[in-house]
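The values are calculated or read from the model by the stated rules, or taken from the named source; none is laboratory data. A quick note: this is a predicted structure, and the numbers were derived from the prediction, not measured. Here the Cβ positions follow ideal geometry from the backbone for every residue, glycine too, while neighbour counts run over all protein chains shown.
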Ligand code: R5P
């Protein structure tokens, strides 16, 4: 006699907060997940109410949240997670293409807090897992060191290497500071390009001092400056200044995460740089490197 058994198939439902639906579409198309809908209502006094329209009882949920400029997004995100949980979601996986607050990974000055820890604590109590693309891992060597939930880090290196290989002839890769060397070296290895890494000291939000690169051997090359984050663009602009003052004209800037605070993008273009290219972890006019296929692999 054959034993009868029933296997419960748990549905996965994907929601997107604060940004475009392209990652949600890619994920659902690739893996057959369902798409969910929710409303974020802001009351006249600016309190937030979340309403989940899709039945999430006994489901796994993936919340894709674009968390650049995170402060105003944090309460809606935490309330979304709480609401999903109260409606019976079994497992909540936060996918944040750009993970904020990672740069304050120590107390740089007396009396400062370590925001990366505080942000991680709030997220870790709200959701069950987190995935992101190239978080700013510097003093924290792994996301697990600061997040108490299972985490997955996706790397943009292959996508950036592919973009450079198909758009730049004879590239030399320049890292504008020590932290960037992790991306520079892994991309350089993929496309067999020479590298230069600058030393940088940040004196303030809009002031950095970086070392002058030895560009002499590369005067026939095209320079590609790569950083994980472009925020004020001060780091990039200082590196461009060093290159231009040595007669280098062909300069491409690549940022994984296009934060672009204030008029940073316009300031960067005004340097006369050949092109500014970013990944689409943060929606911006400069997005040319699509991370959809990476996000589509997440479960
Ligand atoms: C810091 O170490 C990061 O890797 C970036 O270099 C930095 O966030 C860029 O900031 P900004 O564009 O404001 O110079």
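Within region 168-181, being within 16 Å of the ligand (Cβ to nearest atom) and either at positive phi or in contact with a helix residue (DSSP H, G or I) (Cβ under 9 Å, 6 or more places away or on another chain) (or both) holds for 173, 174, 175, 176, 177, 180.
Conditions tested, residue by residue: (1) in contact (Cβ under 8 Å) with a residue 12 or more places away in the chain; (2) within 26 Å of residue 260 (Cβ to Cβ); (3) within 19 Å of the chain's Cα centre (by Cα).
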position	(1), (2), (3)
17	yes, yes, yes
26	yes, yes, yes
37	yes, no, no
40	yes, yes, no
43	no, no, no
62	yes, no, yes
65	yes, yes, yes
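Taking the numbered list (1) modelled with pLDDT of 95 or more; (2) more than 23 Å from residue 285 (Cβ to Cβ) in turn, residue 213 passes all entries but (1). Identify all residues within region 239-256 that are over 18 Å from the mean Cα position of the chain (by Cα) and either without any contact (Cβ under 8 Å) to a residue 60 or more places away in the chain or surrounded by fewer than 22 Cβ atoms within 10 Å (Cβ to Cβ) (or both); write none if there are none. Passing the criteria: 240, 241, 242, 244, 245, 246, 247, 248, 249, 250, 251, 252. Criterion applied to 161, 188, 233, 165 was being within 23 Å of the chain's Cα centre (by Cα) and within 15 Å of the ligand (Cβ to nearest atom), and the one residue passing it is 233.
Listed by position, the strands (runs of 3 or more DSSP E) contained in region 53-139 that have at least 3 residues being at pLDDT below 95 form an empty set.
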